[in-house]
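Let me begin by presenting the structure, written as structure tokens, before commenting on it.
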Amino acid sequence: MSKPYLSSRRPISPTEATVLKDLKMSWSRDRIESIRGGILQGSLDISSVACGNPLIMYETGGGDGTDACEAKYALTPEHWRLQGTNSPISETQRILSVLQADEQSLDELHRHGQPSHFGRGNELVRDESYRLAQELPAERFGLNFDPLAPETGILDAISREVSPSHNGSALVEAKLYKLNSYKTGGHFKSHKDTPKGREHSGTLLIGFPTNYTGGQLVLRHYMQEVSVDWSTDGRSNRCRTDIPWVFFYSHIEHEIMPVTSGHRITIAYDIYESNAVRRFIPSQLQAKLDVSSRPVFQDLKSKVLEAKDFRPEGGRLAFPSTREYPMPVVQRSVHLIDMLKGSDHILVHAARQFGIPVSIKAVYKQIDDLADHSNSPPSDSEDTLPDIPDSVFKFNVSPGAEPSERYPTDKYSSYDPRTGKNHFTSSTFGEDLPESVSLDLDEPRAKFQMILEHRDLELEMDLIWVDEPHYFTETSTFTSYGNEPSSDHIYVSAVIILGIPPYGAGCRSEPKASS
């Protein structure tokens, strides 16, 4: 049975709309600052790691698409020092100079790589129209220097971004992933790196100063775009011995533009938060983070908590997360709270300083084809929702309100009657379809009905959305693109819900006059 557009909270007044607009603006300023911080760039002077002639040693094989031969030796900096030589110790090994590589040696490196695949949902795919590159897995190459040695400061810089509460030594760990080789025509279309666990934070790329054109790394997140250009043109003002690097969160969409000439060589590391981050951030280190100067903190204080004319009956403010987080399939979203980064972390910390109750849920959107809305808003007689089960609707009643009170929805509601857009929330998340279910994935209505049955989705009709979500938890991983097939983790988009009490109660109590 279709339901009318009703809410358990009263509509937003003009004065409250102004406050919400200000909150959105201050939230946006924190978001943009956080996003810019989430993409770190720098360069490594090779002299800082005490190595005048940086070299790569690699095992040959695998270039014809067959399985690559496994390394016969531990190709690590320790191995090089023990050998005391810069010569190969096996007929299957090659040496390449990072700073003096010529086209012939780069061609040979590329030829001995194995074709790069990518993940399309749960499948490992080779499609050169989407990705054209060669690669060497970590076990097939080694360096005679350590680009992540403490003196380079790279991991410390990443730690300060990943764990802003921490002011000490690195609390992140790097795992060597692969060497990537793109020659003329090579590219990788837009994708996100596949999440590899809750602790998986992002990717660190280290570029070698080879001569090439094109091949820019373009990163896009929340309407922001950053182009990282390590080509011959892009490094015109950089010293030849400088090796550039960039770190970005794994959920950030990115692509490698086509290489127009030469060879683009990079080494990739997976960056993980160490156990120390999980152990200390919720307690000792949280206290070190001062958010009182943040715009969103100031607006929450003066325009929400201290304002008598803003929701005097109280309400629930919904802030969409500014990024996506890797979490295990089928998990309670409450566990997201100790993973928040950047402006999400700042918002929760500010709310807790005020004593505002905080809850975090995954956020989904209804697929467009299910609603089948016309291009014009519904008339009064058609003012009804699509056929959604009654169990999905959740009417949290504001303190002091009558349980039977219902109001028209507005653009701040979980369902906007003007556009047909809705925002479902859930305390759990994961893949939408159990393996035992057989369903035509091309039939949107049946697909979404299955999601409703297998997830505790809710359409919370009392929420006040400060902004529309720009990211949603995927209702399916079948069409996602990544650098690997989908793992047992997925990216989760969240909503941070602040429970604002009635004016005069809790953290909105008026200060008592001194006697």
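The values are calculated or read from the model by the stated rules, or taken from the named source; none is laboratory data. Since the structure is predicted, the reported quantities are computational estimates derived from the model, not experimental observations. Every residue, glycine as well, gets a Cβ built from its backbone with ideal geometry; the counts of neighbours run over all protein chains shown. Each accessible area value is taken on the protein alone, full model and side chains, heavy atoms only, with ligands, DNA and RNA left out. Shrake-Rupley method; radii C 1.70, N 1.55, O 1.52, S 1.80 Å.
Listing for the model above:
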item	result
Chain lengthening between K411 and N53 when straightened (0.36 nm per residue, less Cα-Cα)	122.7 nm
Amide hydrogen neighbours beyond the local backbone of V363, cut-off 5 Å, H modeled	T473, S493, A494, V495
Heavy-atom accessible area per residue - the range 175-237, 1.4 Å, Å²	36 Å²
Amide proton proximity set for I490, modelled H, under 5 Å, gap of 5+	M327, V329
Sequence-separation-based contact order of the range 96-224, relative, with Cα cut under 8 Å and 6+ spacing, percent	28 percent
Net charge of Cβ neighbours under 9 Å - reference N422; Lys, Arg +1; Asp, Glu -1	+1
Vicinal HN-Hα couplings computed from phi for the range 146-162 (Karplus, 6.51 cos²θ - 1.76 cosθ + 1.60; Hz; Gly/Pro x)	10, x, 10, 4, x, 5, 6, x, 5, 5, 5, 5, 5, 4, 5, 7, 5
Links that overshoot a 31 Å alpha carbon limit, given the list K178/K361; K308/K394; K21/K421; K192/K301; K21/K341	K178/K361; K192/K301
Solvent-accessible area of I243 with every protein chain in place, 1.4 Å probe, in Å² to the nearest 10	0 Å²
Full-stretch length increase - A505, S261 - with 0.36 nm per residue and alpha-carbon distance subtracted	81.2 nm
